[in-house]
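The values are calculated or read from the model by the stated rules, or taken from the named source; none is laboratory data. Predicted model, so just to flag it, every value in this text is computed and none were measured. Note that each Cβ is placed from the backbone with ideal geometry, even for glycine, and that neighbours are counted across all protein chains shown. Side chains are part of the model used for accessible areas, which takes the heavy atoms of the whole protein and leaves out ligands, DNA and RNA. Shrake-Rupley method; radii C 1.70, N 1.55, O 1.52, S 1.80 Å.
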Amino acid sequence: MSAIASTELVRQKNSLSVMAALRLRGSLSHTDMSSFTGLASATVSAITMELERAGLILRKEQLAAAGRGRPRILFAASGAFCHVAIVIISSDSVQYSLVDYAGKLVDRFTEQRMAVEKGSFGGSILAGLARLAERSRISLHDILQVSISSKGLVDAAAAVLVWSPVLGNEKIDFQQLISQDGRIRVTLNNETLLAAKAIWMREQAHEGRTSEALVTLSLGHSIGLGIARATTDGAIEVGAPNFGHMLHLADGALCRCGTRGCIEAYSGFYAILRSAFEAPPQAEPAKFVPIAEVDKIAASARAGGRMARLAFRAAGLALGNGLSRLFSLHGHMPVFITGPGTRYFDLLESGLHEGLAQSQAVRFGGMPKIGIAPNEPELVFEGHMEHALSTADDYILSADGPQKLVRNSAS
């Protein structure tokens, strides 16, 4: 590698560190940025000068509290530089959000997902994005990054939805669909991965709440799981193993994915409904179960209804067994439970602990810390914003992106 190329890479890395600090902490002074990034003050000054000239960040003055002395100079991302779109695909709806480069929500709307003919879902997503841009009076090409999430199995590297509760085996290549000319960058992630990222960021923001890794378990119509862990260089690494469709019992209950014995086939809302009403385990799973129906089963369980209580216990047991296998592979981690299923945690808890206690990893390592993380939609959106904006930063400051803006402004 040439000295020039090496210097350029170092500058890109340092610029990304500065942008990451601004994303996490908000408006910062030179001193704050130097403290949070570990970069020398002179390096921070040079980087902020380049980023400001290119329009990526803005300078503002903060008056002294007493009204005396020189104002404090702070820097923050410039919202007008570009926009990112966030698309959250749920079991019964699709939510579209437009966010500016500073992380400010510009617009949001939700469309109820009606039954669509095979092959037409991609077209509805394109129409939703066009409507999002039109409502804010911008061109679709003013959106630099589109961040999409769904439950199910995703190929994040290729932005391909492989399988989902919404579309079944119908695959969608979102990169090809949305950005045929390559101008718009598209990312696709499992929804629970983004929730795990958001919880990690919240934990890191609280002094003394640091851990090497954590797991986020989403309970609802589908069962999702995300793992966030620290890398050797202090960055965050997140993943979403296909936990809900790990094997719980061989030749067991029929799952929505078409196989038998998945964890979700015992712990998803449709599984609880099937168990509570003593339907055969091979009965066709319900495609969507309203919360109100699960609430009725929960009310029966809390009133002492035998089958309702057994349905929730079986769900907790499957979840506990699955987590114990996860710990055997990845070691102990605190568990944060989110999703609409958190409202039934009192009914799931005994089965969950029983399932965990059956493994050697937990018997010798102890029961993991289990917490509730309410408001999953908010967590998913936070994870989306961090992911979309940091990915946009990486592209803008990379050799393949519009880095020439920074170079030209400094020349």
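Please list 3J(HN,Hα) in residue order for the stretch 89-98, calculated via the Karplus relation 6.51 cos²θ - 1.76 cosθ + 1.60 where θ = phi - 60°; whole Hz, with x for glycine and proline.
8, 10, 4, 10, 7, 10, 9, 10, 9, 10
In the neighborhood of Ile291, defined by Cβ-to-Cβ distances under 12 Å, what is the net charge if each Lys or Arg adds +1 and each Asp or Glu adds -1?
That sum, taken over residues with Cβ under 12 Å, equals -1.
Just grab the label-to-label distance for Lys287 and Glu354, each label 7 Å out from Cα along the Cβ direction, in nm (one decimal).
If labels sit at Lys287 and Glu354, their model points lie 3.4 nm apart.
Can you give the net charge of the other residues whose Cβ lies under 14 Å from the Cβ of Glu354, counting K and R as +1 and D and E as -1?
+2
Given a Förster distance of 51 angstrom, what is the FRET efficiency for Ser29 paired with Ala299, based on the Cβ-Cβ distance and rounded to 0.05?
Step by step, r from the Cβ atoms, then E = 0.40.
Tally Lys and Arg at +1 and Asp and Glu at -1 over the other residues with C-beta under 11 Å from the C-beta of Glu382: what net charge comes out?
-1
Taking amide H positions as placed in the peptide plane 1.01 Å from N, state which residues far from Val154 in sequence (5 or more) or on other chains have amide H under 5 Å from it.
Here the answer is Val162, since their amide H atoms fall under 5 Å of that of Val154.
Are any of the pairs Lys151/Lys287; Lys197/Lys287; Lys171/Lys287 more than 23 Å apart by Cα-Cα distance, and if so, which?
Result: Lys197/Lys287 exceed 23 Å.
Starting from 0.36 nm per residue, how many nanometres of slack lie between Ala230 and Ala130 once their C-alpha separation is accounted for?
Length gained, Ala230 through Ala130: 32.3 nm.
Would you pull out the residues with amide H under 5 Å of Ile337's amide H, same chain only if 5 or more places away, H placed 1.01 Å from N?
Leu217, Gly371, Ile372, Ala373
Quick one: pull the percent of accessible area on the chain belonging to carbon and sulfur, 1.4 Å probe, ligands and nucleic acids left out.
The value for the chain is 53 percent carbon and sulfur by accessible area.
Assuming 0.36 nm per residue, please report the length gained on full extension of the stretch Leu9 to Arg343 beyond their Cα-Cα distance.
Result: 115.4 nm gained on full extension.
Amide H to amide H under 5 Å from Gly252: which residues, 5+ apart in sequence or cross-chain, H placed 1.01 Å off N in plane?
Amide H to amide H, under 5 Å and 5 or more residues apart or across chains, Gly252 pairs with Gly261.
To the nearest 0.05, what FRET efficiency results for Phe277 and Lys104 with a Förster distance of 56 Å applied to their C-beta separation?
0.75
At a probe size of 1.4 Å, how large is the accessible area of Lys296, to the nearest 10 Å²?
Accessible surface of Lys296 is approximately 130 Å².
Rounded to the nearest 5, what % of DSSP beta bridges with both residues in the chain are antiparallel?
65 percent
Could you calculate the contour length gain from Ile372 to His330, that is, 0.36 nm times the residue separation minus the distance between their Cα atoms, to one decimal place in nm?
13.0 nm
With θ taken as phi - 60° and the coefficients 6.51, -1.76 and 1.60, list the Karplus ³J(HN,Hα) couplings across the stretch 264-280 in order, rounded to whole Hz; mark glycine and proline as x.
4, 5, 10, 10, x, 4, 5, 6, 5, 4, 5, 5, 5, 9, 6, 6, x
In whole Hz, with x marking every Gly and Pro, tabulate ³J(HN,Hα) for the stretch 239-247 from phi via Karplus 6.51 cos²θ - 1.76 cosθ + 1.60, θ = phi - 60°.
So the J values, rounded to whole Hz, are x, 9, x, 6, 4, x, 10, 5, 6.
Which whole-number percentage describes the relative contact order of the stretch 153-246, with Cα contacts under 8 Å and a sequence gap of 6 or more?
Relative contact order comes out at 20 percent.
Roughly how much of Asp142 is accessible, in Å² to the nearest 10, using a 1.4 Å probe?
The accessible area comes out at roughly 70 Å².
Averaging over every viewing direction, what projected area does the convex hull of the Cα atoms of the chain cover, in nm²?
24.4 nm²
Quick one: accessible surface of Arg113, probe radius 1.4 Å, all protein chains present, in square angstrom to the nearest 10.
Arg113 has an accessible surface of roughly 70 Å² with all protein chains in place.
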